[in-house]
């Protein structure tokens, strides 16, 4: 419940009491005033009675202004009559209340005397002439009644005074009662205020003090962390610069790679075309070999012919030798010729055989050459294929290099962005550190204000249970946020290496929030 | 042929010989009995004849029988090669002359064997009937079997001259 609404009840109570006392005072004053008016009017009645008597005497003696006396007498009669009626029955215009029984009895007595006196005085006051006797009687009556009237009026005045005094005593008593009531109410409101406003305020102030301490601690932690973040950001910025430099180098290497890949591609294409030329040459070689083979076959046929001729010649020579032998002595010369012819035929046959062997050999060699050229052709085809593949691979390598180059560009821009972000992070961390410092100062100020407030609400309002959680709070808690792994510091309940030293004095200054120090409030 | 003839033959077994090769051996045929040397001609087989009688050939209008020396000497028949020749011999046994072809692997040459360079054939060789040999001659560091070609063609060994359709003591059917 807000204090505004809580204060409504005592305020209403106090306001009501004020109103009551004011009303009572006004009432008392009015009563007193009324009593005073009544006494005044009653006194005036006495004076009026004497003046009316004097006017009657004046009229009776006939001295002086008769008319004026008569008017005065008439006026006084009316005034007395009205005043008496007012006193008897109350008259607001005359500030007269209804009299009590005693006063009313006295006034009735006055009224009784007055009715007679009035009758006589009215006659006197009237202009009608009366005889002397009558006038003397009237006067005598007036004089006689005058004393009664005066006496009764005196009694009435005395009764009124007594009544006023009694009234005044009662009113004073009432005022005392009201005063006592007011005091009681004040005490009650005081007690209630202490219970319902001051104590919550004190509790709030105490809690505020605790929160303030925690705020200080956390601010210190935030400041340390921010400093750490700032230094980390600086290191990161340095690393990013190194990364950017490395990327630059990589970009250069990639570009030279691309150039080399293009050159290698050209070379591979050249090798491919050279291998293709070689293939065509090998085909030509194969054709030439085939032609050689067919020529060899022709030559072999010719050699065969020669061999056949040599054979036939040999046979002829043998026959000639046989004929020469038959001829005996005569055939000896012929036998020599036949022998020579036979030798020639033999040599021709040998030569033909050798030539045939040579042709055979050359045929074999040509076949071997053909096999070799076929292998060369296959090798050249393989070379063509391989160089084609090499060219393809180099193209892929070139494409990959350009992709790598693009990637490096992207990485470069990303690194630039990261650099900016890191710079801004460092700035933010610095700002956050300074903000944490300001926060620390503000927390200190709030703590002072809280102490002031506690002083304002009074130390008796403080209850120990409010300070208990503060006192039991581990001091090492800030070290947890420095790095989550600092378990020993938690166990020892002391800030360890990670805990900022600057927090230490701050916290010992906050010792005022321990339960012992709270007693000092 | 009586023993005197034989002895006479052996007495003058020196002279001119046409040497030829069958398998790995060199054989010598008396030049005076050689009519001519020809290449291998198409042979017409002769039914119901001895194994070593190959058939007949047409030699310039004359039909003559051809014998295979390989088969005659108990060796397996072999197809003629380019070097194979047919030696046409004329055997004159006094009354009639008989012309026959002999298929040999190769004809070597005509050589002269001196009388004192000949010896009698050894008697232990079963394969070559020693009756077919005049002897062994030596010429140019070669040893030559000197064939008695008439005996070869007439011999009773694996083949007999009669099997050629030529009874030994009768006139041959075909005369020049």
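Readers should treat all values here as calculations from the given coordinates under stated rules, not as data from a laboratory. Quantities reported herein were computed from a predicted structural model and do not represent experimental measurements. So basically every Cβ, Gly included, is an ideal-geometry build from the backbone, and we count neighbours across all protein chains shown.
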Put a dot 7 Å past each Cα toward the Cβ at residue A:386 and residue A:372; how far apart are the dots in nm?
-> 2.0
Output the relative contact order of chain A, whole-number percent, from Cα pairs under 8 angstrom with separation of 6+ residues.
-> 20
Write down the Å³ per residue value for the convex hull defined by the alpha carbon atoms of the stretch A:84-139.
-> 77
Pairing the Cα long axis of helix A:3-61 with the longest principal axis of chain A, what angle in degrees results, from 0 to 90 and rounded to the nearest 10?
-> 20
State the extension gain, in nm to one decimal, for the chain segment bounded by residue A:353 and residue A:190, taking 0.36 nm per residue of separation less the distance between their alpha-carbons.
-> 43.3 nm
Using only Cα atoms, tell me the angle between helix A:101-125 and the longest principal axis of chain A; keep it within 0 to 90° and round to the nearest 10.
-> 50
For chain A, radius of gyration divided by Kirkwood radius, i.e. Rg to Rh on alpha-carbons = 1.85
Per 10 Å bin, what is the whole-percent P(r) computed from every C-alpha pair distance within the stretch A:1-132?
-> 11, 30, 21, 14, 9, 7, 5, 3, 1, 0
Rounded if a/c is under 1.5, else prolate if a/b is larger than b/c, else oblate: which is the stretch A:349-396, with a ≥ b ≥ c the root eigenvalues of its Cα gyration tensor?
-> prolate
What's log10 of I(q)/I(0) for the stretch A:252-317 at q = 0.15, 0.22 Å⁻¹, Debye sum over Cα points only, no solvent?
-> -0.71, -0.90
Starting from the alpha-carbon convex hull of the stretch A:399-464, give the projected area averaged over all orientations, in nm².
-> 7.7
In which sequence would B:116, A:155, B:92 go, from the one with the fewest C-beta neighbours within 10 Å to the one with the most?
-> B:116, B:92, A:155
Going by C-beta contacts inside 10 Å, put A:296, B:49 in order with the fewest on the left.
-> B:49, A:296
Global form of the stretch B:69-146, assessed from the alpha-carbon gyration tensor, a/c cut-off 1.5 = rounded
Principal-axis tilt of helix A:199-327 within chain A, Cα atoms, nearest 10 degrees = 10
Descending packing, highest mean Cβ count within 10 Å first, for B:56-67, A:204-215 is A:204-215, B:56-67
